[in-house]
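Working notes for the structure below.
We did not get these values from a lab; they are worked out from the coordinates using the rules stated. Computed from a predicted model, the values in this text were never measured in an experiment. Here the Cβ positions follow ideal geometry from the backbone for every residue, glycine too, while neighbour counts run over all protein chains shown.
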Ligand SMILES: Nc1nc2c(c(=O)[nH]1)N[C@H]1C(S)=C(S)[C@@H](COP(=O)(O)OP(=O)(O)OC[C@H]3O[C@@H](n4cnc5c(=O)[nH]c(N)nc54)[C@H](O)[C@@H]3O)O[C@H]1N2
Ligand SMILES: Nc1nc2c(c(=O)[nH]1)N[C@H]1C(S)=C(S)[C@@H](COP(=O)(O)OP(=O)(O)OC[C@H]3O[C@@H](n4cnc5c(=O)[nH]c(N)nc54)[C@H](O)[C@@H]3O)O[C@H]1N2
Ligand code: SF4
Ligand code: SF4
Ligand code: SF4
Ligand code: SF4
Ligand code: SF4
Ligand SMILES: [Mo]
């Protein structure tokens, strides 16, 4: 049968035409912001149409690769769910019944509502934005408007990561830093499924694999990165802090600590006052007792207190001194050693709780020890520190760590993230070769960030930026009676260090009128009626709640690009363009796209014109700003900026510093310079992005490196060098503890004092996630993960991605399934203290034995996203959110805390505790609860797709 | 494998047609065919008609039937192509055979032998389309062509007997049909015996072998590539319910073998009028449909290993 | 053409590293995107916004749980596309000659103009590498990006398959597996690349690199796979090491 013969083959053209033009811009199928080459072909009429999208090989973020979402951009661009024109609600909220109106009508309506609020009481506007990347712009608008109620999504996302990192070391995981992929010799990754740095992490892992570097994945679920990790630690959710503190116990026991690093670059030697009962207990002893003075250390030569700033002083890390005023003080490190060497942090003491054996903990500590100290990375690269001391080499501890929401989305996430940073710092592996590195404009310590502002008055702008980093109770945004100034209660005693706000509390608080009622809820790019809210069914009820005269939230304005669930719950829709149709600015003032070795920013620009009556939201916001005559938005009574592109070029935040760092002034300026009218053209010529290399000498030790500090100033990150040392011990937390004890002018009410005392420990601690209070009736954990090939809710309109993830089973560990009598395809009730869902299940042997999990945000409401009513997303897809309440169960005194980290307000999605019971398949054939139905303002999609170049 | 209606009709009905051609040809070769032009006409039309209906059904299986003519090109390697050639050749030769018989009133011997040989070869080729596939372990056995040919001959013989009955000479043919029925049933029993052991695993298509993950423990599908369905799953990862399969197996045995067997025995024994054999044929055909349905539906394809089947 | 050509001099194919693949589907979507407007008919989708969405894909990513005797299951991602077999049964069964293997480089292709949509080649392929397009009714399969790898309209660095170009973990490699000196051949040799379903007798060109050994040590009395480790020497005096370290700095 296998006769072989040479035969005539059809001729295949090896070089078919590829495309007529390539336009380089930035992907926005997720917030990773990869560079893309958009290939366009001319249609019959000569118009350019998108044919396909590839990764930009020159781009610093993705180096040419794209993820599944990025490659499916064509289907997003052609999505039937794209909004077409401004919409005014005509049916009841939630019904999806709208009427198309003109932009003039829409802007009129918005101006009227907003104008009234501004003149009356600006705080009655709550303006919250999602994962847009224009927060420096939207916050500027909100500040000019004068409402204190502005934040982006960080509060429900990963603020624990950001806050713990910035307070501790002036930079964070998330996308603000990265492992030194080239040099690291051991990599630990905690609680990451995808993260924002989707492609960079994958590219990094591939480099580790190529070099045979060991990867340890700490995660209750063994998918994705954890599947390819050389070792998987299937930890019990919410216990990483304990696990890491046990590692620290072991490292201390072994002396696996970089003492020189601690002495030089951290506050390990700083003296902490030991005077229980006084207002200064736990604060740093400072020169002359001045609150702003330099900290004191024990000078090893004299054994006496001396200024930490004195370049000749070498601090001792142990011992104890009496200060001039007679009080006792001890170096931070002595407290560290004392605390973590305690037997309560011994591996044996934590193994049962963490689900990781003592043997494993010990072995990992040994591996950390050996990777860091047996094979240090030594670069022959002299550098000078900020004290003027010259170092002839860069010595690094090649242990690197990354962590994300598996750590941060717990109510103990802040302290857990701190514990991880403590471990990294003890090993001497932050900002050293082979360790974890910051991406410019980080490092930037908390004190270099602003403080939060929330005082408002009618018709006036806010006194300063909304968000910031409080350094003590005096920086809270509270009224004299202690009540919160902000609708989300950020920077109040509920969540003092909530540096990103608490977007997840806005609707619940506004509906409850607690702390006050609002008039207008203005949302941008966040599907708050659905997957980004806890307790989704209740939130839909809150949005439609009517107190007789009107909805309790009287006006809702929303900007979306697609027919999402949230659209149906708004009164006025400002339809946005898609990412290929607008200008955007990925700015250093915002969440930039830098790499450790380079500063970088980028633009989006309309590679195709919209074919619908839609407008870029930022341009609309500029228009609204001008109509409302907000300061900075007008020149005379003419709008200052024609559109967002104009703003991107001409706006100045500080003298010489604007949204874009590249080609400023005469076109040569990097970082600083006057606006350059040709700037956007230069970006386009360069592939849509700008980079500026960090000088070699400045590449490591950035917080202390004079060369880096100087470079950062020339780049405009800050106006003067900002050297600082890492804060193992966090004095601001001690200040909150003292306030909780009643010291100082600003003190918490008694009901909140206890929790602050317990959780605001200035050294990392572990406490059980608050969700554990559910008790024994809820023995299992339930968590979600990001699927690599789907982005929250907005991927489901994508014809290609939804074939991959059209529904989501609940994954149930085999032994749990056995006990509940569950087989693949069965349905089960999953019950939390506040809710019950009925969903399809699938068994798994690759997860922590007590953890159920599912893919995030696959379930959809009927009628949304231009999908048909029987779409699997609505029948078998589901949200875990229904089980997660935004409030913790009532306490003895009738109070209900927000289901968040008590320090930062980070939403504690992963604290969820549940039990599972077998269920009959639902009679309706749909997972429960049924989210209801909305009419589609955009109709339904086509029955077939076959896109070829001819049919574009 | 997906039990496509078109393929069930194709293989069973064309089988009857070619079986009838073979039987008519053999009858001619053995000089056992009555010298009746009407018989030649009726039998010839029936045989050609059945074959044509079957082949037509198979064209419905094609997504681009307008290109069916291209199927003749690859006879060197493709059993499907060979089948095409042979079907056409068989029908042409048989047409000449039947026409000569109708015109002359006498069945031509040589053409009869040729028709019979070609008809058997055609059915053999049809069967080889399936039997050649290593990917479908149940099919990949010489028993497949054996069973196909014997079933075609059995149904052909019964068809011949049914037609002959109208010429009052059916009992001999009925005995032949009886013999082939028994042979066909035996072949199919042997085939089922083979099928039972023809697992994916034995064909080297376990999940482990399919993924190269051998020697690491038992592999199980965690996630199919898409939650949505696809061509492969429709076409090759067809799963039959066990209850449904066992019911259909009974249908196949009872209607395809037992009932015709009893009827044929009764006819041969003179207990039933030969004219009723047509009924037996129809019943048998229903049984064959069931058998063919099972032939496809129960066949596991190697690719189903990727979808977690063992 | 349906007969196979004599052994090609060049055997172009893919090497897929199961140790590194994170199952992200990037390659599958990039493949869909490139090929939907590339070689032959577009890769269509049926009911794309409805109850049973499906479509034609030339590369699909499965994942498997492999349960070792002791310890928790391991998860392995597995991309599946045409292996461009040396003894390609999909070619020999094709009645029309539409399915063929190129003599020059061994790439297995379908001449869509000749394909009658019978589906037999898909039946013959053990790997599920062929899918009939729901709209065009012709057989689609991985072309190894024939319209990229020698395309003079692409810059030289882009003359590689779309899936290889995009894979963010670099788990996919493209090259000549008949040339022992090629990077792919060396990789296969070094990592013990395997054939899938060798008993099917297809002699695949593409190779898969098996996952390297893994450790997994979630706690439970029975499945603690953590390798034994000797106790660290406990220094005398709790922080004796600290004194020494500090003294070194002085
Ligand atoms: N159970 C559970 N829930 C979670 C999480 C979890 O882990 N588990 N994670 C939480 C986290 S971290 C996050 S960040 C949230 C994310 O949740 P959301 O912020 O709600 O994210 P999306 O679902 O992507 O919705 C964003 C909205 O933006 C719209 N949009 C998309 N592109 C554009 C555009 O170009 N312009 C405009 N104007 N709108 C656009 C989309 O159509 C969609 O309606 O979910 C949170 N919810
Ligand atoms: N493809 C894709 N990429 C995305 C997104 C998306 O929707 N799709 N969303 C983007 C957004 S908004 C965000 S915030 C980031 C988030 O990126 P990730 O941080 O990767 O977010 P999650 O998917 O929530 O992953 C949380 C991980 O933590 C694990 N986990 C849960 N609890 C614990 C625990 O207690 N300990 C440990 N060690 N692990 C735990 C979960 O199993 C999961 O693997 O991803 C961004 N990137
Ligand atoms: S990770 Fe993917 S979706 Fe996100 S920006 Fe990059 S290519 Fe686009
Ligand atoms: S993988 Fe399948 S389609 Fe590809 S050559 Fe081998 S048998 Fe043919
Ligand atoms: S489907 Fe097309 S390529 Fe496949 S065997 Fe049939 S004619 Fe040949
Ligand atoms: S080589 Fe090309 S056609 Fe084949 S799987 Fe990769 S992208 Fe798809
Ligand atoms: S792109 Fe690479 S990592 Fe992702 S599924 Fe494909 S082969 Fe695996
Ligand atoms: Mo997020």
**Prompt:** Per the Kirkwood definition applied to all pairs of different Cα atoms, how many angstroms is the hydrodynamic radius of the range A:766-866?
**Reply:** 15.1 Å
**Request:** Report the residue, chosen from B:191, B:139, B:166, that carries the largest GNM mean-square fluctuation when chain B is represented by alpha-carbon nodes joined by springs under 10 Å.
**Result:** B:166
**Asked** When the Cα centres of the range A:546-592 and the range C:8-38 are compared, how far apart do they sit, in Å?
**Response** 38 Å
**Fill in**
Under a Gaussian network model of chain C whose springs join Cα atoms within less than 10 Å, the largest fluctuation of C:147, C:17, C:45 belongs to C:45
**Request:** Answer rounded, prolate or oblate for the range B:38-192, using the Cα gyration tensor with square roots of eigenvalues a ≥ b ≥ c: rounded when a/c is under 1.5, else prolate when a/b is larger than b/c, else oblate.
**Result:** oblate
**Request:** Using the number of other C-beta atoms within 10 angstrom as an exposure proxy, rank B:8, A:166 with the fewest first.
**Result:** B:8, A:166
**Message:** Output the 0 to 90 degree angle, nearest 10, between the alpha-carbon long axis of helix A:240-254 and the longest principal axis computed from the alpha carbons of chain A.
**Reply:** 30 degrees
**Request:** For chain C, with a Gaussian network of springs between Cα atoms less than 10 Å apart, report the residue from C:77, C:62, C:25 with the top mean-square fluctuation.
**Result:** C:62
**Prompt:** Considering every pair of different Cα atoms, what Kirkwood radius, in Å, is found for the range A:728-818?
**Reply:** 17.9 Å
**Message:** So if I take the centroid of the Cα atoms in the range A:865-929 and the same for the range A:251-324, what is the distance between those two points in Å?
**Reply:** 47 Å
**Message:** Let me see the P(r) profile for the range B:135-198: every Cα-Cα distance counted, bins of 5 Å, each bin given as a percent of all pairs.
**Reply:** 5, 20, 22, 16, 13, 10, 7, 5, 2, 0
**Rg and Dmax of the range C:1-104, Cα atoms only, in Å** = 17.6, 51
**Fill in**
Honestly the range A:142-203 on the Cα gyration tensor test (a ≥ b ≥ c root eigenvalues; a/c under 1.5 rounded, otherwise a/b vs b/c for prolate or oblate) is just prolate
**Complete:** Taking the square root of 5λ for each eigenvalue of the C-alpha gyration tensor of the range B:261-310, the equivalent ellipsoid has semi-axes, largest first and in whole angstrom, of 40, 9, 5
**Item:** Residue exposure sequence - C:10, C:101 - by fewest surrounding Cβ within 10 Å
**Value:** C:10, C:101
**Complete:** Row for the range B:1-104, column shape: gyration tensor on C-alpha, a ≥ b ≥ c, rounded if a/c < 1.5 i.e. under 1.5, prolate if a/b over b/c, else oblate; value prolate
**Complete:** Kirkwood Rh over alpha-carbon pairs of the range C:86-202 plugged into Stokes-Einstein at 20 °C, 1.002 mPa s gives a D in µm²/s of 135 µm²/s
**Message:** Using a Debye calculation, one point per C-alpha and no hydration shell, please list log10 I(q)/I(0) for the range A:581-678 at q = 0.13, 0.24 Å⁻¹ in order.
**Reply:** -0.50, -1.28
**Message:** At 222 nm, what value in deg cm²/dmol follows for the protein assembly as shown if DSSP H runs of at least 4 each add -39500 (n - 2.57) and the sum is divided by all its residues, to the nearest 500?
**Reply:** -9500 deg cm²/dmol
**Request:** For a footprinting-style exposure proxy, rank B:240, A:567, B:274 by other Cβ within 10 Å, fewest first.
**Result:** B:240, B:274, A:567
**Asked** Counting only Cα, what are the radius of gyration and maximum Cα-Cα distance Dmax of the protein assembly as shown, in Å?
**Response** 36.8, 135
**Message:** Between the range A:134-166 and the range A:628-676, what is the separation of their alpha carbon centroids in Å?
**Reply:** 21 Å
**Request:** With 5 Å bins from zero, work out the P(r) of the range A:18-135 over every alpha carbon pair and list the percent per bin.
**Result:** 2, 9, 12, 13, 15, 12, 12, 11, 9, 4, 1, 0
**Prompt:** What does the convex hull of the Cα atoms come to per residue for the range A:487-563, in Å³?
**Reply:** 98 Å³
**Prompt:** Regarding the range A:873-952, what whole-number volume in Å³ per residue does the convex hull of its Cα atoms give?
**Reply:** 248 Å³
**Prompt:** Against the longest principal axis of chain B, how steep is helix B:5-29, in degrees 0 to 90 to the nearest 10, with axes from Cα atoms?
**Reply:** 40 degrees
**Fill in**
Stokes-Einstein D for the range A:90-130 (25 °C, 0.890 mPa s, Kirkwood Rh from Cα pairs), in µm²/s, comes to 201 µm²/s
**Message:** Kirkwood Rh over alpha-carbon pairs of the range B:43-134, then Stokes-Einstein at 37 °C and 0.692 mPa s: what D in µm² s⁻¹, rounded to an integer?
**Reply:** 234 µm²/s
**Item:** Longest to shortest principal axis, alpha-carbon extents of the range A:269-334, angstrom
**Value:** 33, 23, 18
**Asked** In a solvent-free Debye calculation with one equal scatterer on each Cα, what is log10 I(q)/I(0) for the range B:181-284 at q = 0.17 Å⁻¹, listed in the order of the q values?
**Response** -0.96
**Item:** Expected-Rg normalisation [2.2 N^0.38 Å, Cα atoms] applied to chain C
**Value:** 1.34
**Prompt:** Angle between the Cα long axis of helix A:750-759 and the longest principal axis of chain A, 0 to 90 degrees, nearest 10?
**Reply:** 80 degrees
**Request:** Take every Cα-Cα distance within the range A:368-440, group them into 10 Å bins from 0 onward, and report for each bin the whole-number percent of pairs it holds.
**Result:** 19, 40, 30, 10, 1
**Item:** Along each principal axis, Cα extent of chain B, largest first, Å
**Value:** 71, 45, 29
**Complete:** tail above 20 Å in the computed P(r) of the range A:317-388, as % of all Cα-Cα pairs, reads 62 percent
**Message:** For the range A:802-952, compute Rg over Rh where Rg is the Cα radius of gyration and Rh is the Kirkwood radius from the inverse mean 1/r over Cα pairs.
**Reply:** 1.06
